[in-house]
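Peer 1: Would you mind keeping the following structure in view while I ask a few things?
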Amino acid sequence: MTLMTRARLALMLVPLLLPAASLGGCQASRPPTRQPTRRPARPSSRPSAMPASIGVAHMTSDGTIVLQLRAIGPRGAIGESLVRYKRGDPHYEEVKRHLGGLRVGEHKSVPPWPDAK
């Protein structure tokens, strides 16, 4: 599984789990009333425009790269993921290169990965 596939899978699973998690412990006698929702503004007039950043990365004192990723789906669903790459992970160097390098204690914006063809 490629790094891009792992990152996308992590972001796709979160919105699927959110509705089930939000029902845990709910004992309402009637269904909740629906509040009107607003669609989030699009970052560009082009629907396929990629965001400038998909999250934040930092390197811990032991050299682990930590990615905090976020995605917003076409209907406003939000997915968040925390991914850690320890030294020796097969994708460690690829992630570090994608970030343009990273040093201990440094924080950087995570640019989107290009789509695989």
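No lab work stands behind these numbers, since they all come straight from the coordinates. The structure presented is a predicted model; accordingly, all values stated were derived computationally and were not measured. All Cβ positions, even for glycine, are placed from backbone atoms using ideal geometry, and neighbour counts span all protein chains on display.
Peer 1: Compute the length gained on full extension between residue 115 and residue 75: take 0.36 nm times their separation in residues and subtract their Cα-Cα distance, giving the result in nm to one decimal.
Peer 2: 12.3 nm
Peer 1: May I pose another question? Based on the Cβ-Cβ distance from residue 94 to residue 61, what FRET efficiency comes out when R0 is 25 Å, to the nearest 0.05?
Peer 2: Efficiency for this residue pair is about 0.70.
Peer 1: For 61, 109, 81, which order do you get if you count the other beta carbons within 10 Å of each Cβ and list the fewest first?
Peer 2: Exposure proxy ranking, most exposed first: 61, 109, 81.
Peer 1: For a footprinting-style exposure proxy, rank 89, 62 by other Cβ within 10 Å, fewest first.
Peer 2: By the 10 Å Cβ count, ascending, the order reads 62, 89.
Peer 1: What is the order of 107, 58, fewest Cβ neighbours within 10 Å to most? Walk me through the numbers before you get to the answer.
Peer 2: Details: 107 11, 58 17.
Ascending number of Cβ neighbours within 10 Å: 107, 58.
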